[in-house]
Every structure is written in structure tokens, then in C-alpha cells.
């Protein structure tokens, strides 16, 4: 059976590559990051998969007034097993992050370019590679009329990049997932395919707004520079978290908590105005040992000192946070079957551990389900000149198909 699966995927190779390029060409940037959303990508994917042999394809549109059409699409496709005891889910996401600074790209982010064994474009790795790999993995089984024992389900979700309220969280509310189900989330990994993720850190996205008094740059005596005060507090917050939450946990590929200043909002448009408001964001990935709500409260306490120091007001808001949940057990059958499939096809040693967080796996774990994360990636997600190696695209399709055949 293994050889027939590998031959079928080799026959599908050109279609897999062209489908990857098609996904890249669609601008499905998350609307909360300034994009049009997932509608066009969903419509293309749904029309493609309706020509295949799924037993059921259904859309679950989450209402959202942030997009013109008023909804965010989620697609669920089920291939029924021969003796199903559970449904085993493969979750990938259709939304992308913005291209960022276009001047840093060597090609148009939404015009896929194949070069030197790679396909370049926004969403090529995150999460287009795994999305294409998983759907063509199950197609290869359907083409060969191979029926796994358990149901295999594909969920293509929206909104993963900004919190998943309109994606996997919406599907959870629909009651689709049942006790005993497993989840594979191909949205992280290593360049050699040797890493399986079973745990994620807590996430906090903080918005820190400093309020001073705007004025002419030549008159600092009658103004209060929110930018200076905001920078001072941001540095203090950065130092506070790193000094007070510094445990090490070798389960994770970066074994410490991280707390990074990221997004900066424009405060004034002209050089000769003292800003009256300043806004900076932090992205924190915190080890499960710590309570993220406690961190936020401690930073609010710290901010009082800087309010007095600069005669400003500082507002700290949690834009988003996910509390870390219990890891998926290392010896869970979902982990073991994936390890077996990787080792048999790749002949490599596999290690199991945790990552900084941010995948749909953390969300389904919080709901009580075992979830496993794996793919082969070079780590170009969110970067300019993002790419997927064609070899990884095909090899991952092989692993997913072989894994599905044994479930």
C-alpha cells in the first residue's frame, strides 16, 4: 500500500505544485491585518474539492462585519472510515499575514515564482504548504480507494493569524468535535521534519498606550511628550518581564519565555510636533509555569511608577491571550503513529517538544482534545521572500497520506 500511495502522489506532483501556486496568488490576508479575508481562497478550495470523493463537504460561515460579505468561511470535508471509532482531524488555515515592506521582497508577494526548487510568495509556507499537502494526501487515498478505519476530516479555517475567533473557535462552538477525536495541525516544525510539537506556551498580546499632552516641539515646557514616556516604560516593562519570568524549560525549542516589542503606531505625522499619545505593542510567549493574568497586573502596577515619573497616564490592554494548557501526552497514539510514519518514510530520528505557541492546536487542547503539530518548514513564515521547498511540499504529502492510511 505504501508504494502505491507514493506512486499516486508522484503522479499528482504537478497538480500539487500548481495548486500551491494558486493558493499563493489569492490575497487572503486577514481583515484585521488590513486584508480582504479568506472568501476567495475558500471558494476556490471548495470548488476544487467538490470534484473529489469526499463523503461530505460543508461550509461553516462565521458572521463578521469586518468584511464586506459579512462572514468568514470555514470548510469541513469528511472522508468516512470503514470502521470509525472517531474522527481524526487535519486543521490548516486559509488566512495570511500582510506582505509587510514590499521593498524587501524580490518578487510580488502574491505572484508565485518557482525558482531553485522553491515556490516564493506570501502564504507559501504559512499555511499554504500544509493546506495543500493535507488535501492532496487524502485525495491520493480516495483515488486509490483506500479507506482508513477511522473518519478522516479536513478543516480549512479562517482567522488563525489574529486569534481564531472566526475559525477554529467558531467550529468548536458548532459542536463538530466529539469525545475521542484526534487533531493534527500542520503549522510548525523543523527544516528536516524531525520535530513534533505537543505543547505551546501561553500567549499575551499587549497594547500599551501612553497619554501626555501634544504641543509644538519648540515648547517642551508646556507639553508632555508621550513618546519619551512611552519608550521609557516600554523598556522598563521589557526588562521587568525578562528578569522576573526567566525559568527555563527544555521541553520547548526556545526554552524561555519571550516578550518582544513589535508593532508601533504612528503618533504624529510631522517632525515638529510633540506627541500627546503613544502606542506600542508587545508579543509575549510565556512558559506554562506562569500566570499571564498575573504578569499583566504586575505591569499595570509598574506603570503607576512611570505615570508619576512623567506626569502621564498609561493604559495596558490585553489585545489577545491564550493560556497554556496541558501538553498532549508524548505516548498518545496520535503521536506514535506520526512518528512511525515519519521514520518509515524519512528514516530520521524524531524529537517531541513544545513551541512558542499560536497554532490551532493550543485551542483544541484547551477544549480537551489531543493535538499534534508537525510539518517540514524552513521558518520563513511572516518574512519577506517567504517560500516553500517543493521537496518538502511533496514529502509532507507522502507522510500525511501514509499516516492517514494507517488511522
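The values are calculated or read from the model by the stated rules, or taken from the named source; none is laboratory data. Predicted model only: the values in this text are computed from it and were never measured. For neighbour counting, all protein chains shown are included, and Cβ atoms are generated from backbone atoms with ideal geometry for every residue, glycine included.
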Can you find, within the range 118-146, the residue that is farthest from residue 23 (Cα to Cα) among those that are touching a helix residue (DSSP H, G or I) at 6+ places or on another chain (Cβ under 8 Å) and in a loop (DSSP other than H, G, I, E, B)?
146
Show the residue pairs meeting these rules: Cβ distance below 7 Å; 6+ apart or different chains; first residue within the range 35-53 and assigned by TED's automatic domain parsing to the domain that holds residue 71; second residue in a helix (DSSP H, G or I).
37/31; 41/23; 44/22; 49/135; 52/139; 52/142; 53/142
Answer yes if at least one residue in the range 187-197 is touching a helix residue (DSSP H, G or I) at 6+ places or on another chain (Cβ under 9 Å) and in a strand (DSSP E or B), and no otherwise.
yes
So which residues in the range 252-286 are part of a loop (DSSP other than H, G, I, E, B) and either without any contact (Cβ under 8 Å) to a residue 60 or more places away in the chain or surrounded by fewer than 18 Cβ atoms within 10 Å (Cβ to Cβ) (or both), if there are any at all?
253, 254, 255, 256, 257, 266, 267, 268, 269, 270, 271, 272
